[in-house]
Amino acid sequence: MTGTLYGVGLGPGDSELVTVKAARLIGSADVIAYHCARHGRSIARGVAAPYLRDGQIEERLMYPVTTETVDHPGGYDGAMADFYAESADLLAGHLAASRDVVLLAEGDPLFFSSYMHMHKRLAPRFPTEIVPGVTSVSGASAALGIPLVEGEENLVVLPGTAPDDELVAQFTSGSAIAVLKLGRTFERVRAALATAGRIDEAWYVERATTADQRIARVVDVDPSTVPYFSMIVVPGAINNPLTKPADAEAPGRVTVVGLGPGPTAQQTPQVRAAIAEATDLVGYTTYLDRLTPRPGQQVHPSDNRVESQRAEFALDLARRGRRVAVVSSGDPGIFAMATAVAEVAAEAAYADVEVQVLPGVTAASAVAAAFGAPLGHDLALISLSDRLKPWEVIARRIAAAVDADLVVAIYNPGSASRNHQVADLKALLLDRISPDRVVLLGRDVGGADEALTVTRLADLDPSVVDMRTLLIVGSSTTTVARRPGGRLVFTPRRYDQPT
């Protein structure tokens with residue numbers, strides 16, 4: 001019979017925030033293990049000290065390195081891997097001798113903790129139990145006395161060691177933020193907050209819940225004084241006293257945003273930030289249904305056939321000081337709301353209203369990526385909708401595109417009230433190009449009903465095409481590569497001669 005490994009969370013620093021279960025296990029364990037730096041002192045042991053008893057074996061797991069350079073042949077990662085392996089072997093010896101081992105962890109054992117490295121190595125061999133602890137994020141929030149998130153707000157937790165572009169991207173998302181692992185990363189994190197325009201919303205919390213606790217605004221902190229055990233916190237806008245109201249000290253404006261083809265993951269951080277800070281959301285009902293408004297946001301849905309009226313409504317709101325996000329699917333500048341807003345904004349009545357357009361992943365890009373790289377060379381984007389232009393114009397443009405041997409991405413191919421276009425398109429194409437020409441159908445790409453079809457022009461079935469489908473008609477060089485690693489469709493960038 002072996003001993004049990006207990007990963008015991010100690011909370012953020014106050015010994016009175018150790019759970020009852022953690023205190024009981026610390027007092028009864030045969031072996032108490034804890035990590036420490038090369039100076040030998042352990043914050044974890046200090047927190048657990050009131051619960052230790054005489055006669056316990058203590059194992060100090062001393063890091064061979066923190067952030068400095070090393071002469072290990074495997075570099076920093078190699079030195080740490082060897083350290084974790086040796087530490088695991090040490091604890092395994094106690095467990096194999098039927099001694100229960102409590103491995104102390106600041107905060108929670110599975111939340112940015114060194115405990116997890118022992119867990120991964122020892123759990124497959126010995127009984128293991130995790131005792132959760134109060135995280136440093138919760139401790140910092142309690143120290144601030146400010147709710148981190150409320151209602152539909154969300155919280156992003158990041159290490160200060162993350163790359164600069166990742167920090168900026170997350171900071172511009174509009175979410176509440178907690179950044180751990182500061183110390184020497186503080187200046188980089190502060191610069192990223194400034195780039196994202198959120199440094200004035202940020203709080204600094206040092207050694208939360210302890211006698212040495214310190215709270216300040218990030219803009220007031222001297223970087224040279226920042227220890228590793230500190231955190232930057234940006235509470236959600238609903239409760240953060242540093243966050244200006246959305247309509248304070250700023251004129252109204254209209255921001256036209258693209259939600260991408262469907263999945264939230266394909267929305268840009270820039271778009272998410274604009275949506276988060278808007279006072280009003282304006283758009284087609286179906287697109288607005290993809291969003292979860294935050295408390296206080298006004299939502300103004302409308303039918304899909306009133307683009308000009310929708311644009312005028314949004315501009316009127318902005319003229320009254322509101323920050324308006326006009327929502328489009330895909331990219332707002334491609335067969336979407338950006339043009340409608342620009343046309344109305346060009347009128348004299350709205351000359352003073354700020355208008356901004358933020359790009360999104362367009363349907364053509366999303367569908368092309370699902371197949372490979374069919375848009376790899378010159379291309380045309382054409383809408384089959386004849387609601388705003390006659391079919392004769394559409395047919396002339398398609399003929400010109402295929403005669404020039406361009407790849408053609410077909411938007412708005414059909415609907416319940418428009419069911420002849422795809423059949424007419426097929427007939428037009430068969431008169432001008434080979435029946436073997438590659439045709440791609442991407443339906444609901446990225447969604448629950450995604451369907452990808454590769455076919456020949458001659459085999460194209462117009463009845464399966466609807467408004468949720470985008471067609472890509474290949475050029476003479478578009479190739480379908482069927483391979484063990486998965487099918488790839490591409491149009492070579494090199495162009496010798498059309499066939």
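Below, the figures for the structure above:
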| read-out | value |
| --- | --- |
| Residues of region 161-183 that turn out to be part of a loop (DSSP other than H, G, I, E, B), open to solvent by 30 Å² or more (accessible area, probe 1.4 Å), in contact (Cβ under 8 Å) with a residue 60 or more places away in the chain and out of contact with any helix residue (DSSP H, G or I) (no Cβ under 6 Å at 6 or more places or on another chain), as a count | 1 |
| Failed item in (1) over 25 Å from ASP424 (Cα atoms); (2) open to solvent by 40 Å² or more (accessible area, probe 1.4 Å), with LEU388 passing the rest | (1) |
| Matching residues, region 120-156, being assigned to a strand (DSSP E or B) and modelled with pLDDT of 95 or more | THR128, GLU129, ILE130, VAL131 |
| Per-region count, region 47-70, residues over 37 Å from the mean Cα position of the chain (by Cα) and over 17 Å from MET118 (Cβ atoms) | 8 |
| Failed criterion for PHE335 (all others in (1) more than 18 Å from PHE313 (Cβ to Cβ); (2) modelled with pLDDT of 95 or more; (3) in the same structural domain as ALA278 (by the TED database) hold) | (2) |
| Tabulated pairs, region 316-328, first in a helix (DSSP H, G or I), second open to solvent by less than 40 Å² (accessible area, probe 1.4 Å) and of a type in the set (Asp, Glu), C-beta under 9 angstrom, 6+ apart or interchain | LEU317/ASP280; ALA318/ASP280 |
| Some residue of region 344-356 being on the phi > 0 side of the Ramachandran plot and in contact with a strand residue (DSSP E or B) (Cβ under 6 Å, 6 or more places away or on another chain) | no |
| Test: residue in region 137-147 that is closer than 23 Å to ARG41 by Cβ, under 30 Å from the mean Cα position of the chain (by Cα) and of a type in the set (S, T, N, Q) | no |
| Residue list for region 389-437, restricted to those being basic (Lys, Arg), more than 38 Å from the chain's Cα centre (by Cα) and at pLDDT below 90 | LYS389 |
| Failed criterion for GLY296 (all others in (1) in a helix (DSSP H, G or I); (2) at positive phi hold) | (1) |
| Flag for LEU440 being more than 30 Å from THR264 (Cβ to Cβ), in the same structural domain as ILE394 (by the TED database) and modelled with pLDDT of 90 or more | no |
| Selected residue (criterion: nearest to the chain's Cα centre (by Cα)) from residues of region 257-291 that are buried (at least 20 other Cβ atoms within 10 Å of the Cβ) and among the β-branched types (Val, Ile, Thr) | VAL271 |
| Residue list for region 348-380, restricted to those being outside any loop (DSSP other than H, G, I, E, B), open to solvent by 20 Å² or more (accessible area, probe 1.4 Å), over 27 Å from ARG482 (Cβ atoms) and touching a residue at least 40 places away in the same chain (Cβ under 8 Å) | GLU354, VAL355, GLN356, VAL357 |
| So GLY372, is it more than 18 Å from GLN421 (Cβ to Cβ) and at pLDDT below 95 | no |
| Strands (runs of 3 or more DSSP E) fully within region 401-499 counting 2 or more residues that are of a type outside the set (Ser, Thr, Tyr) and open to solvent by less than 40 Å² (accessible area, probe 1.4 Å) | 407-411, 438-443, 469-473 |
| Qualifying positions in region 184-207 - open to solvent by 10 Å² or more (accessible area, probe 1.4 Å) and hydrophobic (A, V, I, L, M, F, W, C) | ALA191, ALA194, ALA196, ILE199, TRP203 |
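The values are calculated or read from the model by the stated rules, or taken from the named source; none is laboratory data. The shown structure was predicted, so the numbers you read here are calculated from the model rather than taken from an experiment. So basically every Cβ, Gly included, is an ideal-geometry build from the backbone, and we count neighbours across all protein chains shown. These accessible areas exclude ligands, DNA and RNA; they are computed on the full protein's heavy atoms, side chains included. Shrake-Rupley method; radii C 1.70, N 1.55, O 1.52, S 1.80 Å.
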